[in-house]
Each structure stands twice: as C-alpha cells, then as structure tokens.
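What follows is a set of notes on a single structure, which appears directly below.
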Amino acid sequence: MAELEGTVALVTGASSGIGEATARALAQHGAKVAVAARRKDRLDALAGEIDALAIEADITQRDEAVGAVERTVGELGRLDTVINNAGVMLLGDAGEAPLEEWERMVAINVQGLLYVAHAALGPLLEAAEDGPRNVSDMVNVSSIAGRVARRGSGVYNLTKHGVGAFSESLRQEFADRHLRVSLVEPGAVATELTDHLRPEVREASRERFQDVERLTSQDIADAIAYIVTRPRRVAVNEVMIRPTNQAW
C-alpha cells in the first residue's frame, strides 16, 4: 500500500512550481489531494491529471483561506497534510520599493499562511488522533532568506524569518499530539517566483544567479514527500536545500 493511502492533503499555491510538483508527488504516494490557488484554469488542468479537488482561492482573503480548508474536509472527508506553499518574492532596495510590494509579501507569505494554518489545526489534530497513520503534517515552505538577511530583500527576509519562528513554535506545541510541523527552506529554484519582480530587479537577480544550476520544483517536492511519508515516530523538523554550486 502507498504510504499516504487513505489520507487527504491540501496544497496552496498549487497552480505552478513547487506547489504543482508537490501535489503530483503526494498523489503518487496515494493521497487524495486538494489544490488551491487563484489561477483556476491551471488548477483544473492539474486536477484532471491527478484526480484532485481544485479550489480557486486567494489565501490573502481570510474567508477564502478558511473556505479552502473547510471545502477540503467537507468534500474529501478529512485533512491529514497541509502544505503551505503559496508565496511571493518581491526584491529590491528599500529606498526604491513601492509600499504595495511590502504589503503584498506580508499578505501572502505571512497572513495567508496564518489563515490556512489556523483553520487547519483542528482537522489535522483530529487526523492525528483517528487516521490511517495516526500522525498529521503541516509543512511550511520558507526560503534560505529565512536564515540570512541580505540587502534588497529585507521584507522578504522578514516574512520568511517569521514563518520559521511560527513553525518552530507550533512544532513544540503539538509535538506530543503527533502533529508534525516542518519547515522547508529552498535556495534558488527555477520557478515563476522571479517573474513578479520589477524589470530592473529581475535582471539583476538573473545576473546574480546566471552561473548557478538552479533546483527544480521536483527537487523540493521530493523533499516534502520524504517529510510527510516518514513513520509516525520520525519528525523532520527542518530541511534547507540549495543548489550544489550556490555558495551563499
């Protein structure tokens, strides 16, 4: 039997990149998967391929974030795994940055994650008490930017450091109830994340990483699948993954 047979997973930011790859990986391991994002056309295409529940949702809106969790439980019957993957990276020096970019990062990377996490705690604890594996998982996707602050990424650093602190606090609180809270911190990954940068910032970012063989979304999905398929006694608290030739 597949490791996640009989379980249900919700993946946010699942319309592309790490979220899409993770949804595929969890389905391959036997989970029923709900995929949430704003781009419904992409979600529908993915759902058709892996037999998933597509949920159009903007997690920066509390009602939509809570609704994604409630719909997953209501239509798929339970919730064993949550992958908080939705996020945005808007870099650039603070003196030139539009305030709207800062607000957007806080809204998606922090508030959206909090909305989903808060709504999911009850169902996840229930799954840990009464489920096929008697353990549940929340995996929060952060970044190496949650470890080291650098010029031009101050607010992104702020949001990802916050995700790390929040994850560790939750891990401690729910460890004895077999809700595992894990943090995944990727380095440079070839996704659409840089597409949202202002043109001049995007060009500088590409030049910085031009000699780095970036990770693929599947690389991160493999790590997430490893985390959530461990036996009940094993909790992988934190995984940082960089490209081999990314020194910083």
Computed, not fitted: 222 nm per-residue ellipticity of the chain from DSSP H runs ≥ 4 (each -39500 (n - 2.57)), nearest 500, equal to -13500 deg cm²/dmol
Most fluctuating residue given options Tyr226, Tyr156, Tyr115, as computed from a GNM of the chain linking Cα atoms under 10 Å: Tyr226
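Only four residue types carry charge here, +1 at the Cβ of Lys and Arg and -1 at the Cβ of Asp and Glu. Report the dipole size of the stretch 48-131 about the Cα centre in Debye, rounded to the nearest 20.
Details: 4 positive and 17 negative charges, 32 e Å.
Using Cβ point charges on Lys, Arg, Asp and Glu, the stretch 48-131 gives about 160 debye.
Given +1 on the Cβ of Lys and Arg, -1 on the Cβ of Asp and Glu, and no further charges, what dipole in debye does the stretch 8-241 carry about its Cα centre, rounded to the nearest 20? All intermediate terms of the calculation are to be shown ahead of the outcome.
Numbers: 26 positive and 35 negative charges, 105 e Å.
For the stretch 8-241, the charge dipole is close to 500 debye.
State the Kirkwood hydrodynamic radius of the stretch 8-241 in Å, one decimal place, computed from all pairs of distinct Cα atoms.
Values: mean 1/r = 0.0565 Å⁻¹.
By the Kirkwood definition, the hydrodynamic radius is 17.7 Å.
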Go through Ile83, Ala165, Thr12 and say which Cα lies farthest out towards the positive end of the charge dipole of the stretch 8-241; charges sit on Cβ, +1 for Lys and Arg, -1 for Asp and Glu. Ala165
Quick check: pseudo-label points 7 Å beyond the Cα along Cα→Cβ at Thr216 and Arg147, how many nm apart are they? 2.3 nm
Between the modelled labels at Arg39 and Ala2 (7 Å from Cα along Cα→Cβ) the distance in nm is 2.4 nm
Hydropathy at least -0.5 by Kyte-Doolittle, axial extent at least 24 angstrom from the Cα trace: which helices of the chain, defined as entire DSSP H runs, fit? 154-174
Ala107 paired with Val239, simple spin-label distance in nm, labels 7 Å along Cα-to-beta-carbon: 3.1 nm
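How high is the FRET efficiency between Glu100 and Arg62 when r is their beta carbon distance and R₀ equals 25 Å, given to the nearest 0.05? Mind dumping the intermediate values first?
Working: r = 20 Å, r/R0 = 0.79.
Here the calculated transfer efficiency is 0.80.
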Report the one residue of Ala37, Ala27, Val69 whose Cα lies farthest in the direction of the positive end of the charge dipole of the stretch 1-75 (charges on C-beta: Lys and Arg +1, Asp and Glu -1; origin at the Cα centre). Ala37
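Here, each number is a calculation from the coordinates, and none is a lab measurement. Since the structure is predicted, the reported quantities are computational estimates derived from the model, not experimental observations. All Cβ positions, glycine included, derive from the backbone under ideal geometry; neighbour counts span all protein chains shown.
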